[in-house]
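Structure first, commentary second.
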Amino acid sequence: MARPLEGLTALDLATFVAAPFCCTLLGEFGAEVIKVEQPGVGDDLRRLGRASADGPSYMWLVEARNKKSITCNLRHPEGQALIKRLAVSTDVVAENFRPGTLERWGLGWDGLHAVNRGLVLVRISAFGQTGPERARPGFGRIAAAVSGASYVTGHPDRPPVPPGTPTIPDYLAGVMGAFGALAAIHHRTRSGEGQVVDVALYEPLLRMLDEVLPAFAAEGHVRERIGSGTEYVVPHNHYQARDGRWIAIACTNDRMFARLAGAMGDPALLADFASVKTRIARRAEVDSRVQAWVGARPADEALAMLERAEVPSSPVNSVRDLFADPQVAARDNILNATTALGTLVRMAGIVPKLSETPGRVDTLGPQEPGAHNEEIYGGRLGLGREALADLRAHGVI
């Protein structure tokens with residue numbers, strides 16, 4: 001079955017996670033993605049995190065899936081010329097260098113747009129292409145700190161922590177980059193013109209801070225850390241069962257709170273804390289009552305009672321729990337793939353799910369840097385073996 005982005009080509013000039021993930025998403029839905037790696041050593045993502053049995057890191061195998069690898073020295077004039085030639089027949093170029101780096105190499109927007117008026121250039125950097133901090137470096141942890149997300153994550157008597165893994169800002173920026181690329185391509189169908197998609201690494205998290213910005217602007221209210229609870233609704237927290245497992249319960253309105261009181265067999269709970277305002281004002285009392293009820297029984301028993309009452313709830317899953325979760329299995333949220341050497345790798349599945357033209361994983365990250373040099377440089381640019389050998393000899397590829 002054809003995938004929706006077949007016919008599109010993306011050139012991945014980036015490294016690590018953010019902009020490469022943008023291209024990974026495009027590739028899962030049919031775009032041909034050409035990954036550009038450093039000659040010899042390859043991409044840094046090959047060595048980030050735990051190494052697989054085949055050598056490259058698990059992160060490389062997963063986030064370079066469906067990509068073709070070429071090597072190119074972007075600092076070499078001949079390498080820059082090769083990239084420009086590839087850009088002529090490319091729809092999307094993605095990069096995450098510090099602003100100004102591509103320009104120094106002659107591969108900035110002006111240079112690429114001159115050879116391809118319809119090109120879309122996705123630029124993901126720590127602080128974006130504009131502003132006083134544009135030249136500063138940064139990774140996911142820095143982005144989470146800048147965005148305000150780390151400040152509100154954690155317990156009030158402990159240091160702020162990044163929300164989840166330090167790479168979450170990178171992945172979110174990649175999603176925004178892919179969305180921006182597709183929006184720009186849609187615009188190109190009407191205008192014929194490409195454009196720049198500019199994403200700062202901290203911006204997606206800042207965009208997702210619900211009422212934090214308007215509440216401060218209007219009232220001067222600064223949200224502080226309150227642990228695993230939620231500032232504007234209670235009970236909306238994690239509670240520990242008798243067997244040590246943790247349960248998440250989310251009651252966001254009076255109707256759901258009434259269901260919880262029914263599940264707990266505690267009508268007085270509803271009478272004592274009848275409104276959202278009361279529950280927020282007496283947060284510790286509400287959480288204490290719910291914790292006492294959850295803590296008196298095993299997690300499975302508490303979850304079954306909550307489910308019968310239609311109270312939004314779930315176990316707090318570890319990665320081990322994910323592999324045993326029937327919902328995760330039914331949704332193909334974990335899929336199996338094999339490396340070029342035949343090693344099984346289990347990884348996150350495709351999101352989102354399209355009913356008519358779903359995405360898929362055809363291959364994992366290429367085993368060796370430049371595995372597709374002959375296919376891309378020969379097939380797209382018409383370079384013969386002697387020309388490729390000469391480029392290798394001069395350290396260009």
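Bear in mind that the values in this text are calculations on the coordinates, not laboratory data. None of these values were measured; they are calculated from a predicted model. Cβ: placed from backbone, ideal geometry, glycine included. Neighbour counts: every protein chain shown.
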Packing-wise, with mean Cβ within 10 Å as the measure, how do 129-137, 225-233, 57-65 rank, highest first? 57-65, 225-233, 129-137
If the cut-off is 22 Å between C-alpha atoms, which lysines fall inside it for Lys84, apart from same-chain ones fewer than 8 positions away? Lys35, Lys67, Lys68
Dipole magnitude of segment 18-125, debye to nearest 20 (Cβ charges: Lys/Arg +1, Asp/Glu -1, about Cα centre): 120 debye
Calculated FRET value between Ile280 and Val328, using beta carbons and R₀ = 30 Å, to 0.05: 0.35
Please name which of Val234, Ile247, Tyr171 has its Cα lying farthest along the dipole of segment 127-270 towards the positive end, using unit charges on Cβ (Lys, Arg +1; Asp, Glu -1) and the Cα centre as origin. Tyr171
In which sequence would Lys277, Lys67 go, from the one with the fewest C-beta neighbours within 10 Å to the one with the most? Lys277, Lys67
If you take Cα extents along the principal axes in Å from the coordinates, which of (1) 83, 50, 41; (2) 65, 48, 39; (3) 59, 45, 36 do you get? (1)
Residues of segment 13-36 with backbone nitrogen within less than 16 Å of a virtual label 7 Å along the Cα-to-Cβ line of Arg47, please, listed as ranges. 15-17
Could you put Val146, Val319 in order, starting from the residue whose Cβ has the fewest other Cβ atoms within 10 Å? Val319, Val146
Enumerate by residue number the GluC sites (Glu not before Pro) in segment 277-315 meeting two conditions: DSSP loop (anything except H, G, I, E, B), and at most 15 other Cβ atoms within 10 Å of the site's Cβ. Glu310
Please state the charge dipole magnitude for the chain, taken about the Cα centre, from unit charges on C-beta atoms (+1 on K and R, -1 on D and E), reported in debye and rounded to the nearest 20. 240 debye
Could you tell me which of Pro204, Pro358, Ala217 has its Cα farthest along the dipole of the chain towards the positive end, charges placed at Cβ (Lys, Arg +1; Asp, Glu -1), taken about the Cα centre? Ala217
Using θ = phi - 60° and the Karplus form 6.51 cos²θ - 1.76 cosθ + 1.60, what ³J(HN,Hα) does each residue of segment 34-44 get, whole Hz, x for Gly and Pro? 9, 8, 9, 10, 5, x, x, 7, x, 6, 4
Least to most buried among Val199, Val152, by other C-beta atoms within 10 Å and fewest first, runs Val152, Val199
The FRET efficiency for Lys353 and Ser318, from their Cβ-Cβ distance with R0 = 30 Å and rounded to 0.05, is 0.75
Arrange the peptides 331-340, 5-14 so that the one whose residues have, on average, the most other Cβ atoms within 10 Å appears first. 5-14, 331-340
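In nm, what is the difference between 0.36 nm times the number of residues separating Leu270 and Leu335 and their Cα-Cα distance?
Stretched out fully, the Leu270 to Leu335 stretch lengthens by 19.0 nm.
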Taking the DSSP beta bridges in the chain as the whole, what percent of them are antiparallel, to the nearest 5? 40 percent
Span-rule helices in the chain, defined as complete DSSP H runs reaching 27 Å or more along the axis (Cα) with Kyte mean at least -1.0: 168-191
One finds the C-alpha centres of segment 27-62 and segment 266-289 to be spaced, in Å, by 51 Å
